[in-house]
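Each remark here refers to the structure printed beneath this line.
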There are 2 protein chains.
Amino acid sequence: MEAAAPQSLTRADEAFDCLQTAIVKGDLAPGEKIGEVELCARFNLTRGPLREALGRLESRGLMVRRPHAGVKVVSVSAQELMELYHIREVMEGLAARQAAERMTDQEIADLQATLDSHETMIEQAQGQAYYQAEGDYDFHHRIATGSRNTKLAQMLLGDLYYMVRMYRYRLSTSSGRPHRALGEHRRIVEAIAQRDGELAEFLMKRHINAARKNIEQKISDGLLNI
Amino acid sequence: MEAAAPQSLTRADEAFDCLQTAIVKGDLAPGEKIGEVELCARFNLTRGPLREALGRLESRGLMVRRPHAGVKVVSVSAQELMELYHIREVMEGLAARQAAERMTDQEIADLQATLDSHETMIEQAQGQAYYQAEGDYDFHHRIATGSRNTKLAQMLLGDLYYMVRMYRYRLSTSSGRPHRALGEHRRIVEAIAQRDGELAEFLMKRHINAARKNIEQKISDGLLNI
DNA sequence: TTCCATATTGTTGTTAACAATAATGACCTT
DNA sequence: AAGGTCATTATTGTTAACAACAATATGGAA
């Protein structure tokens with residue numbers, strides 16, 4: 001399929017993207033044992049690039065692979081999901097602090113404008129939580145890159161977010177508390193605009209902590225079955 | 001070479017380990033462009049498993065690979081090394097906090113015993129900083145696994161430590177302040193033994209922060225050329 | 001009927017040959 | 001002489017065939 005071939009992208013990269021999005025979207029169910037040839041057929045690939053992609057996925061913790069026994073999508077327990085949020089809390093706290101020190105004024109202005117558009121989206125389509133989820137992702141994405149900490153951004157964007165998003169799709173948008181989250185986003189950006197790194201870190205940590213407790217609550221109420 | 005074939009380990013894993021240690025030890029210089037066939041010859045591999053290992057290394061940020069242009073070991077600037085320490089600070093702080101909550105009494109006792117052996121090592125072989133470096137690695141390794149946070153341990157042990165160790169070898173043991181570091185280790189373990197997570201987190205963050213400033217100082221003094 | 005051993009089968013791991021692309025050098029033009 | 005363009009070459013990316021291993025099913029014995 002060379003319909004949407006962007007640029008000189010290798011087949012292995014293609015395979016990697018395909019599989020990653022498939023996992024995140026839930027097209028490949030966690031725990032499901034899946035053969036290589038079946039994957040090849042499903043994504044129009046050959047085993048060489050597929051294997052390379054599989055290795056990368058495994059290295060990122062999205063798949064587990066026992067020698068000669070096949071691969072399967074990793075299944076994360078509720079407990080492990082909470083652990084992911086604990087990691088996010090400290091790492092994104094750091095990202096917010098460094099972003100407050102390093103983002104350009106232009107970037108901060110753009111970020112504020114983004115929040116405005118998120119607000120109108122939420123008001124217009126209340127209930128359509130999809131935009132909120134995307135907006136939330138966009139917000140955290142910008143903070144991560146704004147930290148100018150290459151490795152930090154790489155770990156957040158390349159590792160953690162994919163695992164979290166994997167559950168976002170299944171839980172149909174994590175929080176369901178769009179207004180409150182947006183308010184918290186605004187306060188974080190205000191702190192960044194004032195170049196108050198400590199405050200930005202504190203607010204970001206509290207923000208993610210709140211999100212974690214929200215999910216924890218839902219799970220204990222039996223509203224979410226992971 | 002089946003001289004030291006431990007167990008049913010796939011060739012790709014073998015290749016991955018070989019390359020990773022070669023990078024960490026400095027046998028593969030950063031920035032050096034190296035061909036696949038040359039790597040195959042050097043490590044007695046074929047291109048299939050090598051390629052898979054290369055993909056994993058790239059995904060972990062230890063190598064960069066431009067399509068059709070070859071691979072090269074990533075070269076990290078002094079600034080980026082400092083960023084790694086910032087990340088370690090928050091992540092290992094979290095690890096220490098969770099370790100204080102979750103390590104077994106036995107594990108804590110073992111950890112204390114390990115510190116004792118480190119102390120005798122330092123006293124006996126003052127100057128032989130290698131053991132100190134290994135001991136330091138061992139200490140942080142135990143805390144990471146003791147957190148019972150799978151993903152956190154994976155990120156620390158699988159990603160960050162390798163990049164840091166890569167420079168340890170080049171700088172011939174980072175700190176050169178063994179006694180002070182050991183004292184800090186002791187206080188951290190004390191906090192863990194008392195199940196004081198907050199204190200353990202605080203002490204661990206301060207410990208890594210001190211290590212970072214130590215290196216920063218050496219760099220600004222021109223004692224280290226990265 | 002249940003348990004174990006064995007052979008089969010289907011899978012993964014590996015290898016080597018093939019094709020495509022980018023780097024390199026020579027030649028021509030300005 | 002300097003710059004650019006084109007052909008060559010060497011490297012990477014890909015493919016398909018081969019080998020090895022593990023899971024499974026079948027048959028027999030207790």
Positive-pole candidate from A:150, B:90, B:64, dipole of the protein assembly as shown, charges at beta carbon: B:64
Whole-number Å³ per residue for the convex hull built on Cα positions in the protein assembly as shown: 174 Å³
Pair-distance profile P(r), taking every C-alpha pair of segment A:78-220, with 10 angstrom steps and integer %: 12, 44, 36, 7, 0
Relative contact order for segment B:53-165, counting Cα pairs under 8 Å that sit 6 or more residues apart, in percent: 30 percent
Tilt relative to chain B, helix B:129-146 - C-alpha long axis, 0 to 90 degrees, to 10: 80 degrees
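Averaging sequence separations of C-alpha pairs under 8 Å and six or more residues apart, then dividing by the length of chain B, give the relative contact order as a whole percent. Let's see the in-between values first.
Working: 243 pairs, mean separation 57.0, N = 226.
The normalised contact order for chain B reaches 25 percent.
Lysine pairs in chain A 8 or more apart or on different chains: how many have alpha carbons under 23 angstrom apart?
Values: A:25/A:33; A:25/A:72; A:25/A:218; A:33/A:72; A:151/A:205; A:205/A:213; A:205/A:218.
Value for chain A: 7.
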Ratio of Rg to Rh over segment A:1-122 (Cα coordinates, Kirkwood Rh, two decimals): 1.09
Mean ellipticity per residue at 222 nm, deg cm²/dmol - from DSSP H runs of n ≥ 4 across chain B, formula -39500 (n - 2.57): -23000 deg cm²/dmol
Value in Å of the Kirkwood radius, where segment B:11-73 supplies the Cα pairs that are averaged: 11.4 Å
Simple spin-label estimate for residue B:141 and residue A:210 in nanometres, 7 Å along Cα-Cβ: 4.2 nm
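Could you give the length gained by full extension between residue B:148 and residue B:116, i.e. 0.36 nm per residue of separation minus their alpha carbon distance, to one decimal place?
On the way: separation 32, 0.36 × 32 = 11.52 nm, distance 2.41 nm.
Full extension of this stretch gives 9.1 nm more.
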With Cα atoms, 0 to 90° folded angle of helix B:161-171 axis to chain B main axis: 90 degrees
Rounded tilt (10° steps) of B:47-59 against the dominant C-alpha axis of chain B: 40 degrees
Neighbouring partner chain Cβ atoms per residue of A:54-60, average, 10 Å criterion: 6
Positive dipole terminus of chain B, leading residue within B:109, B:135, B:45 (C-beta point charges): B:45
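Please give the charge dipole size of the protein assembly as shown, origin at the Cα centre, charges +1 on K and R Cβ atoms and -1 on D and E Cβ atoms. Round to the nearest 20 debye.
That gives a dipole near 420 debye.
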Shielding by other protein chains, A:156-164, mean Cβ within 10 Å: 1
Potential extension, residue A:82-residue A:33 segment - 0.36 nm per residue separation minus Cα distance: 15.1 nm
Percent breakdown of C-alpha pair distances by 10 Å bin, ordered from the shortest bin, for segment A:49-112: 17, 27, 24, 24, 7, 1
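Just so you know, all these numbers are worked out from the coordinates, no wet-lab data involved. Computed from a predicted model, the values in this text were never measured in an experiment. Neighbour counts are summed over all protein chains in view; Cβ atoms, including those assigned to glycine, are modelled from backbone coordinates with ideal geometry.
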